[in-house]
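Notes for the one structure printed next.
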Amino acid sequence: NDANGDGSIGTNDKAWVFTGLRRGGSSYYALDVSLRDEPKIKWKIDPTSQSNAFKRLGQTWSKPTVTHIKNPGTGVITPVLVFGGGYSVNKDTDGIGTKDSVGNAIYIVNADTGALMWSASPDSTTSKNLSVPFTDSIPSSIAVMDSDFDGLADRMYFGDTGGNVWRVDLPDQNPFDQKNPWTVVKIAELGSELLDSEDLRFFNEPSIARSFTTVTTKDTVVDNQ
């Protein structure tokens, strides 16, 4: 946050760094480097953090994506990190049909505090988790799209190590609003559990290409993405 826009970190400016560990472990760290001579650890997340809310974290390969959402509890626009559950060493061996018990989740956390704001995993639905039948780890970064250019994340896309591609829709309301909740949908199933030659695994985030269509009626023109 370069408050005065001078291109450098000065008084009242903020600079935070977020990193995982790749093969080194299953943790994420946030560093406050606003004072470069006095860097500080802001927070740490590992599988035991916040009453085991991150118990499905595998090796933290997923580069955190920084975006903004409305805080589900307060409605305040909040900077957040989005990341996949990571890599499961279960996939180190060859073979098809291998299911993972870690890494098969996605998380949204408060960038300032590290507090879990929302997740999707095979665990039961709670006030912060949506139950989704992920069976494969998600080591890639999550591609985030702001479809209406309001500064808030509206959709997310990612693949997994089973060759599946998923989409998350994030309406403006509370994630568990009964009329318009956040949803997770599998949009492609490109791998196979039957053939070694089709043991497809995604390690990189999808590239999002916007497309526009224009519908013209007698007296209106509507653009859609």
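The values are calculated or read from the model by the stated rules, or taken from the named source; none is laboratory data. These numbers come from a predicted model, not from an experiment. Because the Cβ atoms are built from the backbone with ideal geometry, glycine has one as well, and the counts that use them run over all protein chains shown. Surface areas here come from the heavy atoms of the whole protein model, side chains and all, with no ligands, DNA or RNA. Shrake-Rupley method; radii C 1.70, N 1.55, O 1.52, S 1.80 Å.
Quick notes on this structure:
- Within the range 102-122, considering residues that are assigned to a strand (DSSP E or B) and of a type in the set (A, V, I, L, M), the one modelled with the lowest pLDDT: Met117
- Any chance Lys99 is at pLDDT below 95 and either within 19 Å of Asn204 (Cβ to Cβ) or open to solvent by less than 20 Å² (accessible area, probe 1.4 Å) (or both): no
- Sub-6 Å Cβ pairs linking a first residue in the range 190-219 that is among the acidic types (Asp, Glu) to a second residue that is modelled with pLDDT of 90 or more, at least 6 apart or interchain, are Glu205/Ser140; Glu205/Ser141; Glu205/Ala143, ordered by first then second residue.
- Every residue from the range 54-79 that is within 14 Å of Gly25 (Cα to Cα) and β-branched (Val, Ile, Thr): Thr60
- The residue that is least open to solvent (accessible area, probe 1.4 Å), among those in the range 1-35 that are of a type in the set (Ser, Thr, Tyr) and in a strand (DSSP E or B), is Tyr28.
- For Trp43, the criteria (1) open to solvent by less than 80 Å² (accessible area, probe 1.4 Å); (2) assigned to a loop (DSSP other than H, G, I, E, B); (3) out of contact with any Leu (no Cβ under 8 Å at 6 or more places or on another chain); (4) in contact (Cβ under 8 Å) with a residue 60 or more places away in the chain hold in every case but one, which is (2).
- Complete set of residues in the range 123-146 that are loosely packed, with under 15 Cβ neighbours inside 10 Å and part of a loop (DSSP other than H, G, I, E, B): Ser124, Thr125, Thr126, Ser127, Pro133, Asp146
- Filter result for the condition that a residue is without any contact (Cβ under 8 Å) to a residue 24 or more places away in the chain and closer than 25 Å to Gly103 by Cα, over Val17, Val80: Val17
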